[in-house]
Structure formats: structure tokens, C-alpha cells
Amino acid sequence: MTAVSWPARTFCAAGVGLLLVSLANALARGTETTTTAIYWLGLLLIVLPIFYRLTSREASAAERLFQVCLLGLALYGVKAVRDSLLFTFPDELVHAYSAGQIVDAHHLFESNPNIPIISRYPGLEGATSSLMLLGDASSYVAGTILVAAAKLTLVIALFLLFGRISGSARLAGLAVAVYTATPNFLFFNAQFSYESLSLPLLVVVLAAFVEREAGGTTRTGSWTVAIGILIAAIVPTHHLTSYALVILFGALAILYRVLGVPRANPWPFAAFTLALALVWLFAAAHSTVDYLGPVLTDAVKGSFETASGGGARKLFESPASTAPVTPVLARLISLLGVMVLAAGAGFGLLAVWRHFPRRPFALLFALAAVGFFFTLLLRFAPAAWETGNRAGEFLFIGLAFVVALGALQLFGSAGRLIRTGLAAALALAMVGGAISGWPWDQQLAQPIRAEAHGDEIVSEPLAASHWVSEYLPEGKIAAPEADARLILTPTQREAYGGTNPDVHDILASVELEDWQLPQLEDENYRYLIADRRQIAPDSVRGIYFTVDGNVELYGRQVVRKWTRVPVARLYNSGRISLFEVEGRP
Amino acid sequence: MRGHRDLGFACTAAIVCTLVALLSPLPSIALIAAIPLALVLPGYVLTAAIFGRSGPDAPRQALLTLALSLAVLVLGSLLLNYMPGGIRALSWGILLLVVVLASARLAAIRRRPPRKSSRPRRRLSPAPLDAALFAVGGLAAVGAIVVAQIPVTASNADGFTALWMLPSQDGERARVGISSNEQEPTSYRLYVRTEPDSGVVKRFTLEPGEEQRFKFALDPDLAGRRVTASLYRDEKPQRVYRRVTSWLPDEAR
């Protein structure tokens, strides 16, 4: 009897695992059953067979490449089947608005009121516009396809990068498996957002650089041209990624110099990236300084405050007050995952010291691995956790290499049982990363569309968004964050819910202060949305159906204060009302 | 392009995909044509043009095909932004076609003489059991996508009804709509004040997901005054369920 090949086995398992994940999400949208166990079972069915096969000695390099591609696409599928047919992650809605702006206006750099910096880095949306226009597709369909391509690019690039540096396809495959434990891998970097495109391109640049180094003189120029094109594409796509690339090439240049590497120093790549980033900063995106400056300054200040005994942030707690607490078991799994990574990194660092003491990339990865654990400490500082989270996804590239190296040093020639344990440890780290990278209550889908008596009904914020799209005459809308983001796309209406101007406080306050109405008029808001749901400012959770009447409400005055002005109340769905500020008597 | 079968195929595919994407009346067909045109062909021929005679091996070719295609899309949108007409379907089609044809021409020049494949092509012929497992996995993945798109019953989700009113600019008419997102069919009574001291009543039942719209002529005496629409549910006929209001312009008087 012919043995079944491993690619067939893992492909089948991944498909069935994805189906389980999709069923778990569908049941979660049905609101009646707890489907968490089915979801995690499906996820394990995707990753465990692939991880196990990647630990084997027998698989060919081509098969390992197939396995990592399958891994990357199947895990992207987990995100894609969560809320099919419409974007639901807060940043996705803002990026989709920008993509729609480009298609409507036929030009880049149209304003984006919610996150203005997005319109200054239009690489993702510009690229998406090609599929939207040529394929007559929505931003959801085009964006999902584009990010899938980027995700596939990422895993291939990681595999080739790790393989070239280590000379081992086995280590490369394992390192890609470890990389899926990045807290942002499953959801954050799978969303329709600029980093989901720029990060894969950054890894391709690194992979192309090591190919250039390894390719001899005949191909140096070719790889250099490819690197140049890719850097030129990264710079208008994402600010942090271009700066991270400058730092990476800068660190490599220093290592080349210190180690006396007998090859051309990579400083010109750092200089080229820096020059392009600066040109872009001053020519198109000078608001980046105002956007990133306070974030980084607060992160530094917050870190010092926390280190000197100031209020520390509790782990597994979302900044949103409406977020439920993560269960103890999930916290435990996440912490165990970090411990697995730390143990692997410990052995890996020794292996780097022993086997690659004069290899700049290996040493850079070792530094990054150590740096990753420092970024975990930033998670304790309220003002710095996001900075630590973002830095971590770049540093994790190095950590993945080091952990895989450590694992192979320890268990490289181990038998089937040990390999099974290794695959289980990798799965633990991956699941732990997924838990720490995305709110526990948001791992599974929530009901935003539902079937009732054979027809489709939608959540209250989505219904308001549909109504605005279909009926409401032109005019800017002030709305709580969740309502505002849903209105952004596909309606392409300007809706804002932030604090600059302070729309958030105007809409949430019980009494109408003297300054509030004039401020709305000064900012040319024609309409406003009053939402009694206390979850409305939470753009992650505020877009779904409420279940079993389980919702905290603001007092009725939040709505009535507008009826007393009086202003016209054009739309009323119970908790959500839309008023027209202009044209009142 | 003679002798370079892959480049010739890429050029033909680019022309066909461009025409189909731009001319197809069916969005799904246009999208199927747009995907290779945007995400595969530019990167493939650009890689061939950049590397010329000594092209990379298959994995690196695959990587550069994807990555350079994405880069072309990013940089292409910047280029189109400053071209007359801006970013449109036609300009994208022309740009991608030019990138593919020009890169293929450059690749053909740099590759001379034509590459001849020295290795016999391997034909993929999976064993029956392998094929069955691939089929099961593929069907399951398709099933996952289908399941994700089907709205499911969420009987615990809180239903609601929305009432809206939009008067015309001249204040002579008003459109009023009621859309049900309730879990069950619901019966309503709508009262719209169309004259200073009286109004119109409508009774109707809506299925979940159904919308009912009415147009009302408004009495000119209402000019400059407030017009109100009130919705009642039959199950609680005395209690106003939803109310919307609007101010009519003075000019209609």
C-alpha cells in the first residue's frame, strides 16, 4: 500500500482545521454556544502537523517551503474567516476608507480624519486600488487578496532568509514556525493595514541582501536593483518599517565593521533607506513627527515612571474599560509560551556564540532576540506597551532564528517522541502569542450580521452606517468611535469620533455645555450621532449586536440634551440617534 | 521574445488579462483577470529583466515575483497619482501592461541567447490517496470560506427597529422609513403630523430585515415648524416606540 505523503496530510489537516475555525466563528456569531474549544482545536489542527513535519530530518527543502507556505496561508485564513464580507478591525476600516478615497478621487493623499497619518503613507491603499479598479472589487475583497499575497511573501522570505544564513532548510522551516508565535502574527499583522504589507517587504529586503552576499559577483548588481525597488516601495507604505530598516542596516554596518567582514559594508543601504525616508518625511509626510513623537516620548517617560515605582499596567488587560478579563488558563498558556521562547532563546544564544561567532546576521539576530525580551518589559508600562508591541514584531525575526537554532541544538537528532514534544512546545508558543496579541474576547467573531426568518438583520451601528450610506445628504458626521469607523466604509462619508476636536466628550457628556455646539459648528459638522451604549467609544467591541440586553447604557440625557436644543432628529434606532445640527430654528 | 516561451506567455497573459479586466461586465471575471495582472506578471518579468542571463532558482523566483509585483503596485500608484487622469482602471491597466511588456523585452535582450531548459519537466502526479487528501483539504477550505459568509441565526442578539425622516429641501414633502432588524415579524402604527393639527396614520407589518418607506405631502402651514413622525408597536399601542423630528424651512410658507 502506498504511504500517504506529508504534504497531503498537512494540507488536509489545515483545510479541516480552517473549517473548524470557521464553524467556531459561525457558532460564536450565533451567540448561543461557547465555541472556544472548537476554535483552538481547529487552530491546533492547522499548526501541529506542520510543526511536527518541520521538525523532521527527512523532509526536503522544497517540501519545507511548501509547509511554511501552507502554514502562512492557513493562519491568514483564520483571520479571513472571522468576519467575512466586511472589515471589522478598527484600523482596517480607516485604511479601507483611504482606499475608497483613492478610487473615488483618482488621487492619493486625500484626507483621512480618523488617523490622518494613514493618507500620508498610501502604499497599501494605492496598491489595493489596482485590484479595486481593475477587478471591480470592494476594498474588503481587494484588501483581503492583497494581504494574503503579502502574507505568502512574508513566510517565503523568512524561510529563504533563515535558510541562507544557517545553511539549513530544517532550521529555516522551524524558525518560520517559531515566527508564527509573534503576538501580532495571527490578527494584527493579518489585518488590512499598512504594516501588513511593509513588514513582508522588509523581510524580503533582508532575504535579498543575504542572497546578494552569497551570490558572488555575477548577481550582486541584480540583487542590488531588487533591494532598491523594494526599499522604494517600503518608504511610502509605512513609517516605522522604513525606520526599522534603517536601524537594521545600520546595525549590520556596525557589525561588519567591528567583525572585519571581508565584504562590502552595507552602510550604503542604510544611507539609501534613510535618504528616501527623509525625503518622504519632508515632501509628503511631515505630520509623522507629530504622530510618532508623542507616542515615543510617552513610551520613554512611561517606562521610567513604571521603573521608578509608578503605576504599572496589568498584563492581559486592554486599555478599553469595556474589555472583559482574560481567563486564568489563557494567561497561563501565554506565559508558558513566553517561557518556551525564553528557554529556546537561551540555548540558541549559546549556539550562536559557538557556531556563528563572526556572522553579522546571526549576531544581529542574537541581539534582536535579547531585545525582544526587553520589549516584553515595556508591556508593564501603560504608555509604552504599544511601542513595545510594535518593536517586538521586528525583533521577533531574530528571536525566531535563535530559538530554532537552540531547538535544533538540543533536539536535532531526537526521536519521534521528542519531536512531538517540540512540535507541541511550538504550538504552545504560537497559541500563547495569539492570546497575548489580541484581546481574548475578540479571538472569535461576534454577531454583526444575523439571519432571522430567512432574512438578514444587522447590528445597530451597522444599520446606522447603511442608512447613512443610502439616504443621508452630504455633510460631516460626529459620532462615537465605533459608529464613526463603521460609517467610514463603504459609505466613504467623513465621520469622526476622536478627541481632536473633542467629539468624544461632546457626545458622551450628560449636559450640553456652552462650548459644545459652537465647536461642532466651527468644525463644520452637519450631523452628530448620539449613542447610549457605553461600548460605543470602543471601536473594537462597539460595532456588534448586543446580546440578551446585556449592555451598559449612558443616561437618557446623552440623547435628550440634543432634543432640547432643539435640533432635528432624523434617525432613531433606539440607542442610536442621528441629529442634524445645521438648519435648526 | 522568440525562444523565450515564459516571457512570451507572460506578455500574452498580460494582454488578455488587461482586456478582460477592463472590458468584462462581470466583476468576478474581471477580478480573476486582475489578480495575475497585478500580483504575478509584473514581478515575474521584472525579475527576469533584472537578473537577465542568470535567473534565480524557483523559490527565489517565486519570492521576487510576489514581492516585486507588490512593489510595482505601490510605486505604480505613486506614478499614476501625478499622471493626467490619475488613478483609474484604464491607467492601471495601461501601466501594468507597459511594465510587463517593457520588462519582458528587456529580459529577452539580457537573456540572449534563449535559455533552453536542460532539465526535463517533472509532472505532478500524486498518488490516489494523496489526491484524495488534497481534495478533502481543498473542499474543507472552500467550506470554511462559505461558512464564514453565511449569516447564522443569533436568537439572543437584541433586535431593534429604526425610524427615519428626511423632509425635502422645499419642505413640501417628507420621506419616512421604517427598517426592521427585529428577530420576529413586527406590526407597527406610524403617525406623521402632516398638518398643524392633524396627521396621517399608516399600519403595516415588517419581516426581519424588511424596510417600508412612505412619502407624505406636508401642509404649507407647517413651514418653519416642527414635523414629527412617531412609531408605535402593536404590542404596546399606547407607548411611543420611536420618534423622529425635523424642522421645515420658512421659505415654504
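A few points about this structure:
- For the residue pairs A:LYS79/A:LYS301; A:LYS561/B:LYS236; A:LYS476/B:LYS202, the C-alpha atoms sit more than 28 angstrom apart in A:LYS79/A:LYS301; A:LYS476/B:LYS202.
- Take B:204-215, A:85-96 and order them by the average number of nearby Cβ atoms within 10 Å per residue, most first; the result is A:85-96, B:204-215.
- Average partner coverage of A:118-127, which counts Cβ from other chains inside 10 Å: 4
- When only alpha carbons of chain B are considered, Rg and Dmax amount to 31.2, 93 Å.
- For the segment B:29-39, counting C-beta atoms of other chains within 10 Å of every residue's C-beta and taking the mean gives 6.
- Rounded if a/c under 1.5, otherwise prolate or oblate - region A:510-569, Cα gyration tensor axes: prolate
- Taking other Cβ atoms within 10 Å as a rough exposure proxy, A:ARG493, B:ARG110 sort from fewest to most as B:ARG110, A:ARG493.
- Highest-first arrangement of A:277-285, A:191-199, where packing means the average Cβ count within 10 Å: A:191-199, A:277-285
- Over the protein assembly as shown: helical MRE at 222 nm, DSSP H runs n ≥ 4 each giving -39500 (n - 2.57), nearest 500: -19000 deg cm²/dmol
- Look at the stretch A:135-141: the mean tally of other chain Cβ atoms within 10 Å of its residues' Cβ atoms is 5.
- For chain A, the longest principal axis of the Cα atoms and the long axis of helix A:287-307 meet at an angle of about 70 degrees.
- Take B:145-156, A:9-20 and order them by the average number of nearby Cβ atoms within 10 Å per residue, most first; the result is A:9-20, B:145-156.
- Annotation for region A:429-496 versus region A:1-65: alpha-carbon center distance of 29 Å.
- Shape of region B:126-253, Cα gyration tensor, a/c cut at 1.5: prolate
- Region B:120-187 versus region A:334-350: alpha-carbon centroid distance in Å: 42
- Nearest 10 degrees, 0 to 90: helix A:239-259 Cα axis against chain A principal axis: 20
- Angle between chain B longest axis and helix B:27-39 axis [Cα atoms, degrees, rounded to 10]: 40
- Neighbours of A:PRO90 by Cβ distance under 11 Å: Lys/Arg scored +1, Asp/Glu scored -1, total -2.
Throughout, read-outs are computed from the coordinates displayed, never taken from laboratory work. What you see is a predicted model, and the numbers here were worked out from it, not measured in a lab. Cβ coordinates were reconstructed from backbone atoms using ideal geometry, including for glycine residues, and neighbour counts include every protein chain displayed.
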